[in-house]
Every structure is written in C-alpha cells, then in structure tokens.
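First comes the structure, then the notes that go with it.
The values are calculated or read from the model by the stated rules, or taken from the named source; none is laboratory data. These numbers were taken from a predicted model, which means no experiment stands behind them. Counting neighbours? That spans all protein chains shown, and the Cβs are built from the backbone with ideal geometry, glycine included.
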Amino acid sequence: MGNGAKAATKRERNAKDTKSVGKSQLKSNEAAKDIMCQVCRSTFLKTTRAPALTEHAANKHNKTLQDCFPNFVEVPKK
Ligand SMILES: [Zn+2]
C-alpha cells in the first residue's frame, strides 16, 4: 500500500519540475533574439548559425555576413 503513495508523490514532484523548466525556457527564448541585421534591422535568434545569416546577407542585400552582422560571433559547438 505505502509503495503506491510514494510513487504518486514522486510523479507530482516531477511534474512541477517540468513546469518550472518550461517557464524559464520561454524567458530565455525571448532574450536570445539578439542578432540584428545592421542593414534592415531584422532580428535573428542567438542560435542562428552563420550559414543562415550569410544567406540573408547575400540574398537580401548582396553583402557578406560581416557587413550585415558585424557583432556576430559564432558560438563554438560544445
Ligand atoms: Zn538584412
């Protein structure tokens, strides 16, 4: 009998943890939008990879990544 009650408590705790993680994830997504094209002011997620930014620069402005995103530093893979 006691075993079942314990399992339920554990499950409840796990559900709470998942909820708080989801909230902080949402916040960090908002803060992560900080790559801005200096030419057209389009914003990109911090996680956008260099090839996508290069494509934007080339297709939209006929420029290079460095022209449109001088502050861009590619995050090295962990
Ligand atoms: Zn642009």
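Identify all residues within region 44-65 that are surrounded by 13 or more Cβ atoms within 10 Å (Cβ to Cβ) and under 14 Å from the mean Cα position of the chain (by Cα); write none if there are none. Within region 44-65, PHE44, LYS46, THR48 qualify. For first residues located in region 35-64 and among the aromatic types (Phe, Trp, Tyr), partners that are modelled with pLDDT under 95 and lie 6+ apart or on another chain with Cβ distances below 7 Å form the pairs PHE44/ILE35.
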